[in-house]
Each structure stands twice: as structure tokens, then as C-alpha cells.
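K.L.:
Could you have a look at this structure, given as C-alpha cells, before my questions?
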Amino acid sequence: MIILKTRDEIARMRVAGQMVAQVLSLLESQVKPGITTASLNALAEEECRKRGAIPVFKNYPNSRGGPPFPGAICASVNEEVVHGIPGKRVLKEGDILSIDFGVLLDGFAGDSAITVPVGEVDPEVARLLQVTEESLMKGIQQALPGHRLGRVSQAVQQWAEKNGFSVVREYVGHGIGRAMHEDPPVPNYGRPDRGPVLKEGMTLAIEPMLNMGTYKVFTKIDDWTVVTQDGKHSAHFEHTVAVTSHGPEILTLR
Ligand code: MG
Ligand code: MG
């Protein structure tokens, strides 16, 4: 069931979304060769504590029966697609780091992700980041009342594939509101005539994951970290978006 939000509820989601955006900007400014992903995680946790927000990823149950997620952020490096566990890994020049962060603030969720270059990266990797963010924006532009959700999915996929990258199938975006994950699932691929008709008051987390090689992925032995099957790089961008009568509103805009 898709839960429609009132204007007041969207206003509260905007507050949560803006907090997520501010923390991601802060984390982005800290990314440089020599730091660990654990240090970024500690910073995110500290910001949650200061602002009275709940870091929703922390202790998130594992659908594979493994341990709950230990971090406030997902930190996914290079061939890691999503759900990387922050830890002692030291970032080095040329890496890319996807930071995914979500909170519950005043009863509402915000969820956003960015992929950040560590120092100077290979031009083709830089292009992957750019096209992934662009594909997110192409999808968001289609989040209009009266459109089927498939229009969003198709726009993401077309831009990704036109630019020579592949779209991860196994992980998708989601509705979001009082819970981090609500209906409907938001795939980053598919036909424009599929999916529910979008309505004013729907709130969606749109989150393309693009790979340089195959779209196929697998989960590592830690039961969390998703990596590309061919070991090539992957990027991830995400925004929480409200469908409104005057167009899509990006609640996590930085
Ligand atoms: Mg996220
Ligand atoms: Mg999400």
C-alpha cells in the first residue's frame, strides 16, 4: 500500500531530508586520501546525536540471517555497490566512495546517497559518477502526478545505457515516509507503462546504482557488502523526492 503524505507531513520530511543533506555535505568535505570510512561513520553518528536524529541504518536487520548493520552510514568503495560496512579501510587516491545515509527525525525518514572521488580519479570513473548522478536527475524529472512509476525507471535506465553503463537490477529504490522503506519498490530499469500511477503526496527514494561492466552483483561473506560480479567500479546516488502538483521536490537537495 502506498501511503500519501499531507503537506504538513512533507514539510516534516523536508526537515529530515535537509539534515541528511547537510551531513552528507559535511562527510563529502572530509573525504580525502588517508582517512578511514570508520572516521566518516563516527562523524555521522555524532551529527545524529547532536540533532536528536536516529541513524536508521544502524542495527538494521539482515535479510540473509547475518548480523544487523553496524554503521550509521553505508560506505561502499570502488567495486562495492551498496551496503559496505564502515571500518578500518583507509581511502587512497583514485578510489571512489559511495556514502549512503538515512535518519529518522521527528518521526519522518530521510535517505540520500552520494558517490565521491578520493583525490584524482580515472576520467572514465569520473564519468561514471557524473552519469549516475545525471541518471538520478533524469528519473526525478519524471516523478510527476499522472505518470506511471515506470517513466522514472525508464529515464534512469536510458541515460545510463546510452552512456555505456549498466544498471543494477537486484537493488532498487523505495517509498519512504514514517518508515525508511515503504511501498512501492522503485526499480532503475523497466518499461514506462509499468508500475503505479504517481500521485501528489507520494514520497520516493530514487537511487540508481550504475556499473562500469556487468549489472550483475553478489553479496560478500559478511552478508552485507554488495559487489559487482566482475570487480569493476560502481556508483550510487540517491534522493528522497516528493511528488507534488508543481513538480518533483527533492527533499534531500544539498
Ligand atoms: Mg539510502
Ligand atoms: Mg534508499
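K.L.:
Considering only protein heavy atoms and a 1.4 Å probe, what is the carbon-and-sulfur percentage of the accessible area of segment 64-145?
P.N.:
With neighbouring chains kept in place, the figure for segment 64-145 is 54 percent.
K.L.:
Enter the accessible area per residue of the chain (Å², integer; probe 1.4 Å; all protein chains in place).
P.N.:
Result: 42 Å² of accessible area for each residue.
K.L.:
Just Val241, Val77, Val172 to compare: in a GNM of the chain, with alpha carbon springs under 10 Å, which one fluctuates most?
P.N.:
For the chain, modelled as a Gaussian network with Cα springs under 10 Å, the answer is Val172.
K.L.:
Taking the simple approach of a point 7 Å from Cα along Cα-to-Cβ for both Asp223 and Gln130, what is their distance in nm?
P.N.:
Simple spin-label model gives 4.2 nm for this pair.
K.L.:
Quick one: if the Förster radius is 25 Å, what FRET efficiency do Arg51 and Lys199 give, using the C-beta to C-beta distance and rounding to 0.05?
P.N.:
The computed FRET efficiency comes out at 0.20.
K.L.:
Specify the residue with the greatest mean-square fluctuation among Ser153, Ser76, Ser63, computed from a Gaussian network of the chain linking alpha-carbon atoms under 10 Å apart.
P.N.:
Of Ser153, Ser76, Ser63, the most mobile in the Gaussian network model is Ser63.
K.L.:
Using the crude model of +1 on Lys and Arg Cβ and -1 on Asp and Glu Cβ, and no other charge, please compute the dipole size for segment 70-181 relative to its Cα centre, in debye to 20.
P.N.:
In total the dipole reaches around 440 debye.
K.L.:
Take the alpha carbon atoms of segment 9-85, find their center, do the same for segment 115-175, and report the distance between the two centers in whole angstrom.
P.N.:
Each part's Cα centre sits 21 Å from the other's.
K.L.:
At a Förster radius of 41 Å, what calculated FRET efficiency corresponds to the Cβ-Cβ distance of Arg254 and Arg64, to the nearest 0.05?
P.N.:
0.80
K.L.:
Give me the net charge for the shell around Ala179: Cβ to Cβ below 15 angstrom, other residues only, Lys and Arg +1, Asp and Glu -1.
P.N.:
Every neighbour counted, the sum reads -2.
K.L.:
Taking 0.36 nm per residue of sequence separation and subtracting the Cα-Cα distance, how much length would be gained by fully extending the chain between Ala38 and Gln18, in nm to one decimal?
P.N.:
Full extension from Ala38 to Gln18 adds 4.9 nm.
K.L.:
Work out the length of the dipole vector of the chain about its Cα centre, built from +1 on the beta-carbon of each Lys and Arg and -1 on the beta-carbon of each Asp and Glu, and round it to the nearest 20 debye.
P.N.:
Taking the Cα centre of the chain as origin, the dipole is about 400 debye.
The values are calculated or read from the model by the stated rules, or taken from the named source; none is laboratory data. Predicted model, so just to flag it, every value in this text is computed and none were measured. Here Cβ is always computed from backbone atoms with ideal geometry, including for glycine, and neighbour counts include all displayed protein chains. SASA here: full protein model, heavy atoms, side chains in, ligands and nucleic acids out. Shrake-Rupley method; radii C 1.70, N 1.55, O 1.52, S 1.80 Å.
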